[in-house]
Protein chains: 2
Amino acid sequence: MPHTHQTAPTQFVEANGIRFAYRRFGKPDGVPLVFNQHFTGTMDHWDPAMTDGLAMEREVVLFDNAGVSSSSGEVPTSVEQMAANAVSFVKALGLPKVDVLGFSIGGFVAQEITLQAPDLVRRLVLVGTGPRSGDSMATGTPEGAKIFGATYAEPDHLWLSVFFTPSQASQAAGREFLKRFRLRTKDRDHEVNDRVAPAQRASIAKWGAPRERPYDYLKAIQQPTLVVNGSNDVIIYTVNSYILQQNLPNAQLILYPDSAHGSQYQYPGLFVRHVSMFLSGTRVERA
Amino acid sequence: MPHTHQTAPTQFVEANGIRFAYRRFGKPDGVPLVFNQHFTGTMDHWDPAMTDGLAMEREVVLFDNAGVSSSSGEVPTSVEQMAANAVSFVKALGLPKVDVLGFSIGGFVAQEITLQAPDLVRRLVLVGTGPRSGDSMATGTPEGAKIFGATYAEPDHLWLSVFFTPSQASQAAGREFLKRFRLRTKDRDHEVNDRVAPAQRASIAKWGAPRERPYDYLKAIQQPTLVVNGSNDVIIYTVNSYILQQNLPNAQLILYPDSAHGSQYQYPGLFVRHVSMFLSGTRVERA
């Protein structure tokens, strides 16, 4: 039986002085897709509907970056250092070419990976994320501050506010998501320690800080890129996805209706089809 | 043999005192898709790669609205009247429910059709278009004025500038498009008369004129909507597609890279797959 999101064992590889925890599963064919996770998230915060869906046609690699959950080391205080660690991890696996997916802060890391190791990256998928110095990205949004500052009946309910809109349909999709990401019961990642959030926040603040001509760096990302977000992302405003698409040389944008920071968890079937089309498409078809 | 874009005969139906020219072909199953054409365009300005591609899974209906080419009557000087004529045409065909696609000014008409006859329209596809009072839509763009004001070695070359970016890849796609839309040789529509462009321009100016809270009307369009454009539309600026998506209650946005007003002609295979997924999807999958 091939492994799935639920059954793939956590493995370890050493690189750059860090013992990286990872899981690898899916169709062992073509270019693997490496997932970069959001703020304070672990391998177990990915939605199996998304990872298993994408694993139907390719190998997927989940990992904890340095200092996160089952990986050793400390979370660096810059996105650049996070990306350097991620590049070391991918190289330690002996992978000569990968597709890279990044969600939220993982999308910042994915951009930096591509800039630091352009020959390593074939195609890029940026989900719920934004460019350096994007709209409200240095300080975070007021909505985000409120959502992350609130207390919840159950800790997981935080994600209903972070990833979904207040609409009935979106919240119902959110409750389905919460069930799915708790399905794996054995060999789960433990929650991150208290040093993770401050270090990640420091990285986000530097990445988001104002700069002159802030989007010029995007011209260096020549890889075909798919940018995906919800219509109403209040954690990293949706307009930042539009800015990414407008400034990347070869990017397609997809925005979903009535959805927020976690639109890919609201429409996992559609997301998997869109990403699969993008990753498998010919040069012309991929757009 | 079922009819295709090349072989479908031009038929006529009378409604609202107008004799409408139309062509109808494709899989006679489910909800037909009615196409609304761009400025000065006729049924023969559609790309067969797009119409035949979409006709694989549904019936498609091309038509000349009032006063355009093979249809009788005069082009009205408002989008609202154009939409009223289009609604009469659809009803004259006896169709109780249709999907509506509109390109450029045809996208304005498609929005107005939906507002005037909400029960007639199931889903909406808006391509290379914008909202009432959108960015630079009253006067048109300076780039558009230059492109439409220039002279070309061959008249068809106008469309290389209107629909495609100056990049080598986009221009090459444009030349392929020009071949395809000249493939039909028999029973072609004649070019529009001299009264068409001024009347359509007057309609565009009224539609684009500044208003208070201009995008509020979009809240009345409850139909699932797919908005598609190129990354660099200089005829109706790309940001207008973003504005549509942000203000429609249930809209998905797709923007393609290195493409302009006619992005669907640059990536016809991908466009057909995206639109087919959208039109055929379940409520949840459709997003």
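The values are calculated or read from the model by the stated rules, or taken from the named source; none is laboratory data. Here the structure is a predicted model, which means the values were calculated and not measured. Here the Cβ is made from the backbone with ideal geometry for all residues, glycine too, and neighbour counts use every protein chain on show. Please note that ligands, DNA and RNA were not included when accessible areas were found on the heavy atoms of the full protein model with its side chains. Shrake-Rupley method; radii C 1.70, N 1.55, O 1.52, S 1.80 Å.
Some observations on this one:
- So A:GLY140, is it under 30 Å from A:ASN247 (Cα atoms) and either at pLDDT below 95 or in contact with a Cys (Cβ under 6 Å, 6 or more places away or on another chain) (or both): yes
- Complete set of residues in the stretch A:1-16 that are open to solvent by 20 Å² or more (accessible area, probe 1.4 Å), in contact with a helix residue (DSSP H, G or I) (Cβ under 9 Å, 6 or more places away or on another chain), modelled with pLDDT of 95 or more and under 16 Å from A:VAL90 (Cβ atoms): A:VAL13, A:GLU14
A quick yes/no check of all residues on (1) open to solvent by 50 Å² or more (accessible area, probe 1.4 Å); (2) modelled with pLDDT under 95:
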| site | (1), (2) |
| --- | --- |
| A:HIS45 | no, no |
| A:GLY94 | yes, no |
| A:PHE103 | no, no |
| A:ALA117 | no, no |
| A:ARG132 | no, no |
| A:THR151 | yes, no |
| A:PRO155 | yes, yes |
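- In this structure, B:ALA110 qualifies as among the hydrophobic types (A, V, I, L, M, F, W, C), in contact with a Gly (Cβ under 9 Å, 6 or more places away or on another chain) and either assigned to a helix (DSSP H, G or I) or surrounded by fewer than 21 Cβ atoms within 10 Å (Cβ to Cβ) (or both).
- Qualifying residue in the stretch A:63-79 (condition: outside any loop (DSSP other than H, G, I, E, B) and out of contact with any Phe, Trp or Tyr (no Cβ under 8 Å at 6 or more places or on another chain)): no
- The set of residues in the stretch A:247-257 that are open to solvent by less than 30 Å² (accessible area, probe 1.4 Å) and either among the hydroxyl-bearing types (Ser, Thr, Tyr) or within 7 Å of another protein chain (Cβ to nearest Cβ) (or both) comprises A:ALA251, A:GLN252, A:LEU253, A:ILE254, A:LEU255, A:TYR256, A:PRO257.
- Qualifying positions in the stretch B:156-178 - more than 21 Å from B:ILE105 (Cα to Cα) and outside any helix (DSSP H, G or I): B:PRO166, B:SER167
- Within the stretch A:232-263, being part of a loop (DSSP other than H, G, I, E, B) and without any contact (Cβ under 8 Å) to a residue 40 or more places away in the chain holds for A:THR238, A:LEU248, A:PRO249, A:ASN250, A:PRO257.
- Looking across the stretch B:136-155, the residues that are out of contact with any Gly (no Cβ under 9 Å at 6 or more places or on another chain), not in a helix (DSSP H, G or I) and not hydroxyl-bearing (Ser, Thr, Tyr) come down to B:ALA150, B:ALA153, B:GLU154.
- Applying the criterion of being touching a residue at least 24 places away in the same chain (Cβ under 8 Å) and within 19 Å of A:TYR256 (Cβ to Cβ) to the residues of the stretch B:264-275, the residue that is farthest from the chain's Cα centre (by Cα) is B:HIS274.
- Output for the stretch A:182-218, where each listed residue is aromatic (Phe, Trp, Tyr) and in contact with a helix residue (DSSP H, G or I) (Cβ under 6 Å, 6 or more places away or on another chain): A:TRP207, A:TYR215
- Scanning the stretch A:23-44 for residues being closer than 14 Å to A:VAL87 by Cα and among the aromatic types (Phe, Trp, Tyr) gives a total of 1.
- Any chance A:LEU126 is in a strand (DSSP E or B), among the aliphatic types (A, V, I, L, M), within 17 Å of A:VAL275 (Cβ to Cβ) and within 14 Å of another protein chain (Cβ to nearest Cβ): yes
- Within the stretch A:186-223, no residue satisfies the criterion of being closer than 15 Å to A:SER71 by Cα and among the aromatic types (Phe, Trp, Tyr).
- Residue count for the stretch A:209-246, restricted to those that are within 10 Å of chain B (Cβ to nearest Cβ), under 11 Å from A:PRO131 (Cβ atoms) and open to solvent by 30 Å² or more (accessible area, probe 1.4 Å): 2.
- Of note, B:GLU176 satisfies the criterion of being surrounded by fewer than 19 Cβ atoms within 10 Å (Cβ to Cβ) and under 28 Å from A:GLN223 (Cα atoms).
- Candidate set from the stretch B:179-208 (those that are basic (Lys, Arg) and part of a loop (DSSP other than H, G, I, E, B)); member that is most open to solvent (accessible area, probe 1.4 Å): B:LYS186
- Some residue of the stretch B:97-112 being within 26 Å of B:ARG23 (Cβ to Cβ), out of contact with any strand residue (DSSP E or B) (no Cβ under 9 Å at 6 or more places or on another chain) and among the small types (Gly, Ala, Ser): no
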